[in-house]
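So the structure is just underneath, and the comments pick up after that.
The values are calculated or read from the model by the stated rules, or taken from the named source; none is laboratory data. Source: prediction; values computed, not measured. Neighbour counts run over all protein chains shown; Cβ positions are idealised from the backbone, glycine included. Heads up: the accessible areas ignore ligands, DNA and RNA and are worked out on the full protein's heavy atoms, side chains in. Shrake-Rupley method; radii C 1.70, N 1.55, O 1.52, S 1.80 Å.
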Amino acid sequence: MRDLVEEKPTGAVRVSFGYMTKKADVDFLLDLIHRSWLYPFHSLSLVKNSFSLTPSQWERSLTPPDILHSPRRLLRIFLYPIKSCAPFEVKGDWPLGKGGLLFDREWLIMNSMGVPLTQKREPRLCFLQPSLDLCNRRLWISATGFPDLSLPLDNTTNQKRDIEAEICNSKVCGEKVSGMDCGKKVNDWISLVLNQSGLKMIRILPNSKRKQSEH
């Protein structure tokens, strides 16, 4: 793929915030966006005079005053219940779990070989729209042209038996994780929507969540 088409940048940059993210990391990202995309010409005009500036003066000079001193607010929060599928926007307060936002990347879809699907291999994952209903304790998944699918957020003993659960092992970003098979009904629906046979959706077990990075 080419990065530029008709002198315009294409593609996307994903930035992940997690449990270990600090305010300084967010400030650095915001300043980078302002310097590189929102006000690139403002930044480039200072390059000739940059050699006489200290590192602190250089950083401050790249950000316009109205941006530098304006308050910053977090406007919207999204989480991804199913890895590599569409996001779910949080409305109001949202509980936290041991690894961050509750139910974020709690489920993943893997092929018959046990390899997790990503949008690099299966772009149609973006059409799977998860929705979390905390009041009724349900995960809903919708896809255009197909009936909505629902499964419980809480796995009681009876529910485990009903969905014919089994333990599946997989790897995410090189790390091994274990998950609970969501059952034949869910797997058949996922396989039908993505037009691939043998797909499984698993719920990652709490004791096998990926380790939080220190960087």
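General observations
- Accessible area (Å², per residue) of the range 99-156, counting only protein heavy atoms and a probe of 1.4 Å: 54 Å²
- Per-residue packing, averaged as other Cβ atoms within 10 Å, sorts the ranges 87-93, 181-187 into the order 181-187, 87-93, beginning with the highest.
- Cross-link check: pairs 98/200; 22/98; 120/200; 23/176; 91/120; 23/120 evaluated at a Cα-Cα cut-off of 27 Å; pairs beyond the cut-off: 23/176; 91/120; 23/120.
- Packing-based ranking, highest mean first, of 21-31, 190-200, 131-141 given that Cβ atoms within 10 Å are counted: 190-200, 131-141, 21-31
- Packing, as the average of other Cβ atoms within 10 Å across residues, places the peptides 98-110, 143-155 in the order 98-110, 143-155, highest first.
- Paramagnetic reach from residue 192 in the range 124-148 [backbone N under 20 Å; point 7 Å along Cα→Cβ]: 124-131, 139-148
- Each residue, residue 133 and residue 27, gets one label point 7 Å from its Cα in the Cβ direction; the gap between the two is 4.4 nm.
- FRET efficiency, 1/(1 + (r/R0)^6) with R0 35 Å, evaluated for residue 113 and residue 76 via beta carbons: 0.45
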